Amino acid sequence: MGEGVFLKVNINPENPKWELCVKRIEDLYKRDDDIRSPFNRDYNRILHCTAYRRLKHKTQVFFAPTNDHICTRIEHVNHVAAVSYTIARYLGLNTELTNAIAIGHDLGHAPFGHAGESIIKEIVGRELNETFWHEKNSLWFVDRCETLEDPSGYHKNLNLTYAVRDGIVCHCGEVEENSIHPRDDSLDLLAIKEPSQYHPFTWEGCVVKIADKIAYLGRDVEDAITLKILTGSQVRELVSIVRPFGKKRIKQLNNTVVMHEFIIDLCKHSSPEDGIKISDNALHLMNSLKEFNYRNIYHHPRLNGYRDYAKLIINLVYETLMGFYQKEKTLKQLKRYSNIYPTLAGIFSEWLLKYAGIEGRASHFQNAILYDLNQQKDYCRAILDFISGMTDMFAIKIFDEIISF
């Protein structure tokens, strides 16, 4: 196995890509006694932002807000961080960079998991004639929506490094080939038009891309068993799929077993020449598990009602907020309805005050201005940004407020 084989190509000050990788959209304040690297600063900036906190109440696959043992979005990003760290540390890559990409890769993910993402995608296509995909939205959130207070008390955007932003927007897409190599050229990340259009710019980003798949496949199976989505015969089918890969060493199917087998296989076969690579057998297993999960889990009839419920909630919240639109008088209209919809009208007004350049915007908000309320499409975008940042439970709370009398 190739321990440390990527030491000469990891992202460090000697790497030709270093200066571009640590470049930020604008200068970030500095402390004379700061002991952190640029990527460690990014990790902390993500860790302390509100979008990261909200991941704990966002669906991963199964909507189970009262079940503490079902994976949520925040658990998933930490699983990805753990898998990425193990791989990067062994191979000799920059673990601070993989950690920052991993915990940030799903910021701004829609409520209700991929069901919510599909619903918002429909609205975006219909209303804005654009596409919506969660990697792009994650980049939008870390670039433009999320803020932190600086030492002077001003709210400013996260302003992450290029390498972390790149790893976030390029993290998804199915792994159809055995190996991934980073691309050589930099590009305007906001110009990326579709998922998996480009490989990441760094080896570390490539690790996170594969770790994302390694982290969710086994955990989704565990949750399906816990919720009795899978029958006994289906569990036995799963064991028969996995067992040959482990050369009959696998006696129990669980997430740690699946992750371990993939991690060891990847570390064994990866090198700067061959790429971040898994064997033919591992790729076959990954594809077999994905096919099984789609056939027996992701499209299970028990999830249909959940999807319908999510669609009802998101569409009603969107339509209700659109009904308040009166160009520059929208805030006054929201105030009129604050006695009927106190949470929705109040918090959405705060969103507009922070992100639209309108009278009444607090001076401590020095983040980017995103919307012109005289443009209906901008107002539509404000609603969709607001909804995509919601947790499942907050969206349900707003829905209950709208339908209550």
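The values are calculated or read from the model by the stated rules, or taken from the named source; none is laboratory data. Being a predicted model, the structure only gives us computed values, none of them experimental. When we count neighbours, we look across all protein chains shown, and the Cβ atoms used for this are built from the backbone with ideal geometry, even at glycine.
Observations on the model:
- Of the listed requirements (1) surrounded by fewer than 23 Cβ atoms within 10 Å (Cβ to Cβ); (2) touching a residue at least 40 places away in the same chain (Cβ under 8 Å); (3) within 22 Å of Ala356 (Cβ to Cβ); (4) not β-branched (Val, Ile, Thr), Glu130 misses just one: (2).
- Within the range 192-216, being surrounded by fewer than 24 Cβ atoms within 10 Å (Cβ to Cβ) and within 11 Å of His181 (Cβ to Cβ) holds for one residue alone: His199.
- Here Arg89 passes the criteria (1) more than 18 Å from the chain's Cα centre (by Cα); (2) of a type in the set (D, E, K, R); (3) farther than 22 Å from Phe201 by Cβ; (4) assigned to a helix (DSSP H, G or I) except the one numbered (3).
Rundown of residues vs (1) among the polar types (S, T, N, Q); (2) touching a strand residue (DSSP E or B) at 6+ places or on another chain (Cβ under 8 Å), yes/no style:
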residue	(1), (2)
Asn296	yes, no
His300	no, no
Leu303	no, no
Ile313	no, no
Tyr325	no, no
Ala345	no, no
Leu352	no, yes
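- Segments classed as helices (runs of 4 or more DSSP H), wholly inside the range 1-86, with at least 2 members that are closer than 17 Å to Val142 by Cβ and touching a residue at least 60 places away in the same chain (Cβ under 8 Å): 38-47, 50-54
- Complete set of residues in the range 39-69 that are within 21 Å of Ala211 (Cβ to Cβ) and touching a Ser or Thr at 6+ places or on another chain (Cβ under 8 Å): Phe39, Asp42, Leu55, Lys56, Lys58, Thr59, Gln60
- Within the range 316-325, the presence of at least one residue that is surrounded by fewer than 20 Cβ atoms within 10 Å (Cβ to Cβ), in the same structural domain as Asp378 (by TED's automatic domain parsing), assigned to a loop (DSSP other than H, G, I, E, B) and more than 26 Å from the chain's Cα centre (by Cα) is confirmed.
- Against the conditions (1) more than 24 Å from Ile383 (Cα to Cα); (2) of a type outside the set (A, V, I, L, M); (3) in a loop (DSSP other than H, G, I, E, B); (4) in contact (Cβ under 8 Å) with a residue 24 or more places away in the chain, Asn159 satisfies every one except (1).
- All told, Arg302 falls short of being at pLDDT below 90, over 30 Å from Ile387 (Cβ atoms) and exposed (fewer than 15 other Cβ atoms within 10 Å of the Cβ).
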